[in-house]
Every structure is written in structure tokens, then in C-alpha cells.
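*Asks:* Please see the structure below; I have some questions.
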Amino acid sequence: MDFLEAYMDMKTLQSFLSLVFLSAIVLGITELVIHHYYKKIRNKGERGMTLFSLLIAAVFVNLFGFVFVPLSIGFLAVSASSYALLDLGGTGSIISWVAGLMIYELSHWFIHMASHKVRLLWCMHAPHHAPEDMNILVGHNLSVFEITYLPIFLGAVPALLGVDPIIIVTINVLDQIWNIVIHCSADMKFGFLRHFIITPDHHRVHHSKNLVYMDTNYTTLVLLWDTILGTRVDLKEDEQPIYGITRDTKTGSYIDTHFGEFRELWQDIKSAPDLKAILGYICLPPGWSPDKSKINTVKTQKIAAGLMKV
Ligand SMILES: [Zn+2]
Ligand SMILES: [Zn+2]
């Protein structure tokens, strides 16, 4: 596809993405007002923090547009498509759309799993998990660092694997719309569809710090890859989700929520005995320690509790 033609189509899809973002803000604030009216707000500070986080992200993206526009999913997809390794066909074929969705979701599964298993990436992803309530504003409580590298995996990687950029951005628009649904606090049931698509219940499991639920349900649209790759866990009736992260977090504080994990990583690096330990702290899962007797990752905890085999 001609670069300019693709870019113009992309601009239309990107404007639609901005509309979805605006809708998320309006719906998020509407949900906040409803929760206030029905006295359902447990932690006013946390709600304030998520609103502030949204404001910071919007200001940051606008101020540093010269960084974020070239790093946007659409721009990266169009640029990377010139170097595509495969040709999966254009927008006219249903197979291209199905293959596109599968590749987009696999790449999303991979970077989301890595964001939980590599400590430096966890430092950037943990702010999204810190809130102790689930609501639409939590869906947009993202680290400004995370939004610089996610588009590489959601835009450039699928394009390199041959997915048409228009398909990539259309799926991303759907992903952004569905992101509002899966973070919404309303009780929504999806009948038989819950066996195929990610529902709010699946994503509530992902946001929980109950050991059995931790590091599961990484995708956000369909259940395919979590099922195949063994990371799918459905909400259990006898295990109510407890939202948040295991670190004692002041969720009303933007600084503690968004930078607290970096502070703890820095403390560990400062106490590391050698370079190997420093690299271990940065690249291995949260809870890893050079002192084997102190290792306390989700995996070791699950093995100790009999939830996972060695
Ligand atoms: Zn996550
Ligand atoms: Zn989420």
C-alpha cells in the first residue's frame, strides 16, 4: 500500500481513536458521579489520583507530541509494514482480519506477560494495577513510560509479521473501546460469549492480588492465547477478587503509585553485591533476590501453595 494513502486512512482511524479516548474520559467521570451519588466511593484519594493520572498523560502526550506521534501505533504500523517479513493480505480478505487479530493479541499477550515478569517493565506497568477498586478511570491509569513502548508491540510487531496497518489500527480502536467495558464496575454478563471473549470478570481476575489470580489473563479481546498458553483463570465464585498490588501502596498519591516500584528497585540495586545481581533485579521477575533463601516471586509462592507445578 502507498505510504501516503495508508497514512491518510490512518489519520481517520487515529481521529476515531481520539474520540474513543474522549468517550472514555466522559464515561469514566460519569461512572465516578454515579458512584458518588450512590456512596460507592471507598477511597476518594484514589479516585482523585486516577483523574490526575489521566490529566498528566494527556498533558504529557500533547507536550511531547514530537515523541509520541512517531511512536503511535498507526505511525509505527505504517513505517514497519515496508519491512514486513510476511504478506498476510489486505483489508479485503476475512482471513487477513482473523490472522491480524490473532497476531495482534499474541504480541499483546507477550508484552503484557513480560510487563509482569520483568521487574523494570513491572515498575512501568504496576501503576495500572495499584488501584484497590475497579472502574473506567483505572483503565486509563497508565504510566507515561508504558505508553512509549506498548505501540512497538501493538503496531510495529504485527506489521512486521505482515498484518495490514489498517487492520492493526482498527483492532486497536476496538481494543480501546473494549478497554472501557472490561474496566467498568457495572455487573455485565455475556452469556455463552464469555467462553470466547474477555469479559469484565476476566479482567477483574487480572487486577487481583489473590495468589491464585496473579499473573493471569493477559489478553484484552479474545480468550484464545491465554487458554492455549496456560495463563487463563476464570473468576471463581468462592474467591472474591481483592484488587491492587502486594506492595503497601498509598493509592491516593500519584508519586507513590507511579514511582513507588522504581524507588524499591533502586533500593535493591543499591544493595546488590555485584553486576550480575543488579541485572537480576532489573530483568528477572519482581520478588527475585540474589539470596536464594529470600526469593519470593509469584511463581515460587504459587509452587509453595500447590497452585503450580515446579
Ligand atoms: Zn497487567
Ligand atoms: Zn486493566
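A short reminder: the numbers here are calculations on the coordinates, not readings from a lab. Just so we're clear, the structure is a prediction, and the values are computed from it rather than from any experiment. Positions of Cβ are backbone-derived with ideal geometry, glycine not excepted, and every protein chain shown enters the neighbour counts.
*Asks:* Between region 94-147 and region 272-310, what's the alpha-carbon centroid distance in Å?
*Replies:* Using only Cα atoms to place each centre, the spacing works out to 22 Å.
*Asks:* Continuing with the same structure: Just how large is the dipole of the chain about the Cα centre, in debye to the nearest 20, putting +1 at every Lys and Arg Cβ and -1 at every Asp and Glu Cβ?
*Replies:* Computed charge dipole of the chain: roughly 900 debye.
*Asks:* Average projected area of the Cα convex hull of region 65-135, in nm²?
*Replies:* 7.4
*Asks:* Next up: Roughly what % of Cα-Cα distances in region 20-95 sit above 14 Å, to the whole percent?
*Replies:* The calculated P(r) of region 20-95 puts 76 percent of pairs beyond 14 Å.
*Asks:* With runs of 4+ DSSP H residues as the only contributors, calculate the mean residue ellipticity of the chain at 222 nm using -39,500 (n - 2.57) per run, divided by the residue total and rounded to the nearest 500.
*Replies:* My calculation for the chain gives -18500 deg cm²/dmol from helical runs alone.
*Asks:* Sort all Cα-Cα distances of the chain into consecutive 20 angstrom bins from zero, then give the percent of pairs in each bin up to the one containing the longest distance.
*Replies:* 31, 59, 10
*Asks:* So, one more: Could you list HIS108, HIS36 in order of exposure, starting from the residue whose Cβ has the fewest other Cβ atoms within 10 Å?
*Replies:* Placing the least packed residue first, the sequence is HIS36, HIS108.
*Asks:* Which of HIS35, HIS207, ALA156 sits closest to the plus end of the dipole of region 3-228, meaning its Cα is farthest towards the positive end, when Lys and Arg get +1 and Asp and Glu get -1 on the C-beta?
*Replies:* HIS35
*Asks:* Which entries in the list LYS209/LYS309; LYS250/LYS276; LYS236/LYS294 go over 24 Å, if you measure between the two C-alpha atoms of each?
*Replies:* Listed pairs above 24 Å: LYS250/LYS276; LYS236/LYS294.
*Asks:* Over region 105-190, one equal point on each Cα, no solvent: what is log10 I(q)/I(0) by the Debye formula at q = 0.13, 0.19, 0.20 Å⁻¹?
*Replies:* With one equal scatterer per Cα and no solvent, log10 I(q)/I(0) is -0.48, -0.98, -1.06.
*Asks:* Pull up all non-local amide H partners of ILE197: gap of 5 or more, or a different chain, and H-to-H distance under 5 Å with H placed in the peptide plane.
*Replies:* LEU223
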